[in-house]
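Novice: Quick one: the structure is below, questions incoming.
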Amino acid sequence: MSKHYIAPLSDNIERTSVFYKNRYGFTLAGDLYHLKNLDKNKQYPALIVGAPYGGVKEQGPCIYANELAKRGFIVLTFDPCFMGESEGYPRYVSSPDIFTENFSAGIDYLGLLPFVNREQIGAIGICGSGGFALSATQMDTRIKAVVPEDLTEPTAEWFRFYALKRGHHINALGGFTTTSNLAFMNYHLLDYLDEISPRPILFIVGDRAHSKFFSEEAFNKASEPKELYVVDDAEHIDLYDKIDKIPFDKLELFFKNNLK
């Protein structure tokens, strides 16, 4: 498997390859990020970052993890089952229940690290992973705050990221098996958004995102506390990798205020 990352790692950040199982028995491949000078005798807030639908940890998640680790968080990224370096066969199957469980498996892993405060764990889901992050948070109360970043479904806009040098990765082929669609029709991904309350949700969306209405619909269904934050002059894929567009100050403030 390729270890190419679409963005460089900060000199101040340590990234370690990790492996752990979910409750279905699949081994997930992840990357753990933290400051190089981290005092591991202390405990820190942690975040799990899910890749855009069809993506892998070496793409958008590596950018989020690099930036948020610089701000003092322990950050875990991962390849979804059936993708990248994670287990699962046949390859490129999309399974909403397993993709939701992948977030909880990451919480399992983070909660066992002695330098992570297990009462201060949040989740970020980029693109389609926003739905899986919300789905996991509905039932997993260990997730104390969640950010769905520009919820969407597949469109041709994806290929201006995945099919070009900007975001191409050999482990992300941009599609799933045709058997994947029926599983989504029979899975109630966001039926229990009100169960997340009183834990906070920060919806982030680009003002020019084709998928803006997905985030708006989910925002309207969710209970307080919630916020819809609109990024100016940003299309959907800008929130995958554009450091000048992704509102990292907003993310840092949201999690530091709510992971207490």
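Just so it is clear, none of the values below were taken in a lab; they were calculated from the coordinates. Since the model is a prediction, treat every value here as computed from it, not as a measurement. Every residue, glycine among them, receives a Cβ derived from its backbone with ideal geometry; neighbour counts consider all protein chains shown.
Novice: Tell me, what is a quarter of the convex hull surface for the C-alpha atoms of region 49-160, in nm² with one decimal?
Specialist: About 7.1 nm², averaged over all directions.
Novice: Would you mind computing, in nm to one decimal, how far apart the modelled labels at Phe248 and Arg71 are, each placed 7 Å from Cα along Cα→Cβ?
Specialist: 0.9
Novice: Given the alpha-carbon gyration tensor of region 198-260, what are the semi-axes of its equivalent ellipsoid in whole angstrom, ordered largest first, with each equal to the square root of 5 times an eigenvalue?
Specialist: 20, 17, 7
Novice: Classify the chain as rounded, prolate or oblate, taking a ≥ b ≥ c as the square roots of the eigenvalues of its Cα gyration tensor: rounded when a/c is under 1.5, otherwise prolate if a/b is larger than b/c and oblate if not.
Specialist: Cα axes put the chain in the rounded bin.
Novice: Also, quick follow-up: Gly206's amide H: which non-local residues (gap 5+, or another chain) put their own amide H closer than 5 Å, with H modeled 1.01 Å from N in plane and none for Pro or chain starts?
Specialist: Residues meeting the criterion, in which the H sits 1.01 Å from N, are Val231.
Novice: Report the one residue of Phe26, Tyr64, Leu38 whose Cα lies farthest in the direction of the positive end of the charge dipole of region 23-73 (charges on C-beta: Lys and Arg +1, Asp and Glu -1; origin at the Cα centre).
Specialist: Leu38
Novice: Using the alpha-carbon centroid of each, what span in Å lies between region 33-58 and region 170-214?
Specialist: 22
Novice: Oh, and also: In nm, to one decimal, how far is the Asn220 label point from the Met185 one, both placed 7 Å along Cα→Cβ?
Specialist: Each label point is offset 7 Å from its Cα along the Cβ direction, giving 2.5 nm.
Novice: If the chain between Val18 and Glu119 were fully stretched, how many nm would it gain, using 0.36 nm times the residue separation less the Cα-Cα distance?
Specialist: Difference between extended and current length: 34.2 nm.
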